[in-house]
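The values are calculated or read from the model by the stated rules, or taken from the named source; none is laboratory data. This one's a predicted model, so the numbers in the text were calculated from it and none came from an experiment. No Cβ is skipped: glycine too gets one built from the backbone with ideal geometry, and neighbour counts run over all protein chains shown.
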Amino acid sequence: MEWLAEKEAVEVTNKMLQDRHLVTVCENGTAIYTVTMTLEGRDLGRKYNSWFDRGGLWFREYKDHWVWLIVSFLGGVLGALIVQWLSN
């Protein structure tokens, strides 16, 4: 039964990737799959493979997040304390 549940999970995942045109999947027998990445899948993989591109995507997603308000406030307080300490 465990094998059957895992087979179903693999089939669902392959179907989702096929629906997004990222891979083509061919079943060559019982639990034997041939998975080929499409051009769109390769482009998406290359996009997320670069650290610089991933960082830009992360920043674009979270640049307006409320955590930045807290981080900025704490940075300002820390900066003011350092300036006050250095001026004495």
*Checking W85 against (1) loosely packed, with under 10 Cβ neighbours inside 10 Å; (2) in contact with a strand residue (DSSP E or B) (Cβ under 7 Å, 6 or more places away or on another chain), which test does it fail?*
(2)
*For the stretch 1-23, what are the residues that are assigned to a loop (DSSP other than H, G, I, E, B) and either of a type in the set (S, T, N, Q) or modelled with pLDDT under 80 (or both)?*
M1
*Residues of the stretch 1-49 that turn out to be in contact with a helix residue (DSSP H, G or I) (Cβ under 9 Å, 6 or more places away or on another chain) and of a type in the set (G, A, S), as a count*: 2
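One line per residue, one yes/no per condition, for (1) in a helix (DSSP H, G or I); (2) surrounded by 10 or more Cβ atoms within 10 Å (Cβ to Cβ); (3) not hydroxyl-bearing (S, T, Y):
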| residue | (1), (2), (3) |
| --- | --- |
| V25 | no, yes, yes |
| G29 | no, no, yes |
| T36 | no, no, no |
| R42 | yes, yes, yes |
| R46 | yes, yes, yes |
| D53 | yes, yes, yes |
| L57 | yes, yes, yes |
| V67 | yes, no, yes |
| V71 | yes, yes, yes |
_Condition first: charged (D, E, K, R) and closer than 27 Å to V12 by Cα. Now tell me which residues in the stretch 35-53 satisfy that._
E40, R42, D43, R46, K47
